[in-house]
Amino acid sequence: MSNETLDVTTPKPGLFGWHKDINEQQWKAFIAAFLGWTLDAMDLLLFTFAVTSIATVFNLTPVQVSFLFSATLLSSAFGGALFGIVSDYVGRVRALTYTILIYSLFSGLSAFSPNVAFLLVCRIILGLGMGGEWASGEVLVAESWPRQYRGKVIGMVQSGWAIGYILAAILATLIIPNFDVDLGWRILFFIGILPAFLVFYIRRHLGEPEIWKKTSQMRKEKKLSEKGQGFTLGQIFQADLIRYTITAMVLTSFCMIAYWGLYFWVPQFLSRPISEGGVGLGPKGFAWIIPINIGAFIGCNTFGWISDRFGRRPVFVVYLLAMAVLIYFFGHAKDLKTVLILGPLVGFFGTGFYSGFGAIFSEIFPTRARGTAQGFCYNFGRGVSLFAPPLVGLVASQYGYGPSLVTVSVFAVAAAIVVLTLPETKGKALEIE
């Protein structure tokens, strides 16, 4: 049963002509999702810049401190599944506000950690909100914008991750080298409370997508099909959806092992001495994360534009394979010049593919369980990726940070193969049943 609630028109000519098809409410949905995701990334990734400081203060090994981050990834899997369900039943906007409050408040609270146990609890609860935010925001824009621009807007939202990474890098560069080892990271985490103020904008200016409101009313009146009236988490494992659910779970797992295996250790790779397999840039090397994420910003936006033109699958595959090749050469970089040349390309392809998740998942799952499906599948991959930082950290302890990054290439190639098993969904009308 197709229930496309948005007017579908021929895209306006010109590079930016499409903006004439977007109304005020659709722009507000984009702003809320974009800022939520940007600040989500900032709060999470502040930890990657604080790794050395935290390890020093609490006397932890690289593998031990990476498990703190992995715990956040694991809890995000539960948070994504939980708030995906919440978004299907109480609304995309409400779920988005709840998740932003959780991850920002517990980022700020973690700044006061007296010991590792307290920090671990804060990072676990932060992960619950972080995992839920993606599902709520991505579904919100997917259901709000015209379908011919769905890939474009999801790419624009996803590019907020790069902006968040850049904000984290700027803050770390300004704070970590200029404060006591035990104070710098605490200031970083306390700044993470700022996203909570975004909730005021969202609650004041944003309404639920029409297709969600229609589905919600049908659910209340028991007008959905028998399978549609069941608990949404159960629905995605029924015969009509289980193939897509399992495939999406495997895809996100491979992709996120590749991503987190690379990006958790990139700040350390840039700052560590060459004798340890790093580039030897010191703490100031954090600033060189910015060119990498400028590439990531462009890559996420470009993915959306190209996939709206040529399809989701081929673009996804090209990005993943390019990432796999580039990581090898980037991992062997020994000077700033090589980092500046390859870094933006690694960011372009190694982050840009994330724009494919929201578009594909919103198009293969129906509205009645879309939030649940996206939240569960995406964050299942996040949960599995908890093994990536310790895995790369273990290899780094034996061979150095640079060579260890190459271990993630195999997962990028595996993910590209999985993408080919999904149907092409470009321009598909969203469905309730």
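The values are calculated or read from the model by the stated rules, or taken from the named source; none is laboratory data. Keep in mind that this is a model prediction, so the values were computed, not measured. Here the Cβ positions follow ideal geometry from the backbone for every residue, glycine too, while neighbour counts run over all protein chains shown.
List of remarks:
- On the stretch given as the stretch 288-309, residues that are β-branched (Val, Ile, Thr), over 26 Å from residue 334 (Cβ atoms) and over 17 Å from the mean Cα position of the chain (by Cα) total 1.
- One residue alone among 44, 35, 39, 68 is hydrophobic (A, V, I, L, M, F, W, C), over 24 Å from residue 201 (Cα atoms), in a helix (DSSP H, G or I) and in contact with a helix residue (DSSP H, G or I) (Cβ under 8 Å, 6 or more places away or on another chain), and that residue is 68.
- For the stretch 134-159, filtered to residues that are within 19 Å of residue 98 (Cα to Cα) and of a type in the set (Gly, Ala, Ser), the residue that is surrounded by the most Cβ atoms within 10 Å (Cβ to Cβ) is 135.
- Within the stretch 194-239, if we keep just the residues that are surrounded by 14 or more Cβ atoms within 10 Å (Cβ to Cβ) and acidic (Asp, Glu), the residue that is farthest from residue 86 (Cα to Cα) turns out to be 210.
- Residues of the stretch 410-433 that are at pLDDT 85 or above, surrounded by fewer than 16 Cβ atoms within 10 Å (Cβ to Cβ) and part of a loop (DSSP other than H, G, I, E, B): 420, 421, 423, 424.
- Pair list, Cβ < 7 Å and 6+ apart or interchain, from the stretch 206-221 residues that are of a type in the set (S, T, N, Q) to residues that are part of a loop (DSSP other than H, G, I, E, B): 215/432
- Candidates 84, 79, filtered to the one that is of a type in the set (Gly, Ala, Ser), closer than 26 Å to residue 210 by Cβ, crowded, with 23+ Cβ neighbours inside 10 Å and touching a Leu at 6+ places or on another chain (Cβ under 9 Å): 84
- Verdict on residue 285 being touching a Leu at 6+ places or on another chain (Cβ under 6 Å), modelled with pLDDT under 70 and either surrounded by fewer than 22 Cβ atoms within 10 Å (Cβ to Cβ) or within 28 Å of residue 178 (Cα to Cα) (or both): yes
- Hey, residue 393 farther than 18 Å from residue 265 by Cβ and in contact (Cβ under 8 Å) with a residue 60 or more places away in the chain or not: no
- Enumeration of residues in the stretch 311-366 that are in a helix (DSSP H, G or I), among the small types (Gly, Ala, Ser) and either closer than 20 Å to residue 150 by Cα or modelled with pLDDT under 90 (or both): 331, 343, 352, 355, 356, 358, 359, 362
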